[in-house]
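Below is one structure, written out as structure tokens; comments come after it.
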Amino acid sequence: MRMYVVDALTSEENCSGHRRVCLGDGFPEASSVRKLLEENGLRKIIFAVRNEKGYDLRCFTPEGEENLSGEDILAGGCAISSETGNPPDPLLFFTRTGFYSLRQEDGLYKLTMNAEKPEVYTPGRLPGSGQMNNKNVLEIALSRCVILRMDSEEAVRDFDPEGYWSEVPEGLGLIVTAQCPGKDYDLAYRFFVRTPVLECSLIEMFYGALVSFWDEKLPKALMKARRLAGDCGTILCGAENGSVFISLNPQRSP
């Protein structure tokens, strides 16, 4: 088994966007995974195992298996590219939430997924959205998550999800986001899931809603999205041919 360290999202030394990707012939037992995490002081690790059509990709934490984020899938592609030197194009991944195709274009790793065009409301027009009607919320959008478009990057950075969950439909996550004029990135975002209320990397299915939401507002083929907490850093994204994509040029080392 060979482990790669992939800087999947960050450009700052004090941010935690590094992914550890292990390539091997099979998935280890749960006890072995916990030992590997503990010995290396890791909060998560990604395993990639070759199958007949591509790779099975899984992610583990000390608490057990969790869904992969879009950055995790991109990191897996980067590690496989380094290992093989000439990976198939497209590179096919099979995860517990679906099947994904990863390509390399102009030195970037590009992950394409279905668009999830949300339904947009102005504050006060969505039934039961009392807390969401505060002065910092410009728009509310519904898809497979709830999106709150805030009036500033500062409002996104200072956002506290406590008190909002009674207005978020069961099973949906919560994205807060804002346009960032004058910055070297176009938009900022944070993402939350309930029970417990934890901030996490965007699960790949939610990128469809976030990118679709901003694609109609920003006249750009390629947008830069900045995450403001946790795995902070900038990722490229956009929409084309009825789909959305996320893309980056990660750094890696064995």
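Bear in mind that the values in this text are calculations on the coordinates, not laboratory data. The model shown is predicted, which means the values in this text are computed figures rather than measured ones. Here the Cβ positions follow ideal geometry from the backbone for every residue, glycine too, while neighbour counts run over all protein chains shown.
Details
- Contacts under 7 angstrom Cβ, first residue in the range 102-122 being on the phi > 0 side of the Ramachandran plot, partner surrounded by fewer than 15 Cβ atoms within 10 Å (Cβ to Cβ), 6 or more apart: GLY107/ASN249
- In the range 63-89, the residues that are free of Cβ contacts under 8 Å to residues at least 40 places away in the same chain, closer than 19 Å to GLN104 by Cβ and not in a loop (DSSP other than H, G, I, E, B): GLY77, SER81, THR84
- Consider the range 139-171 and keep the residues that are surrounded by fewer than 16 Cβ atoms within 10 Å (Cβ to Cβ) and touching a residue at least 40 places away in the same chain (Cβ under 8 Å). The one that is farthest from ASP186 (Cα to Cα) is ARG144.
- Subset of the range 59-76 (residues that are under 15 Å from the mean Cα position of the chain (by Cα) and surrounded by 19 or more Cβ atoms within 10 Å (Cβ to Cβ)): CYS59, LEU68, SER69, GLY70, GLU71, ASP72, ILE73, LEU74, ALA75, GLY76
- Those residues of the range 156-173 which are over 18 Å from ARG226 (Cβ atoms) and in contact with a strand residue (DSSP E or B) (Cβ under 9 Å, 6 or more places away or on another chain), in sequence order: PRO161, TYR164, TRP165, GLU167, VAL168, PRO169, LEU172, GLY173
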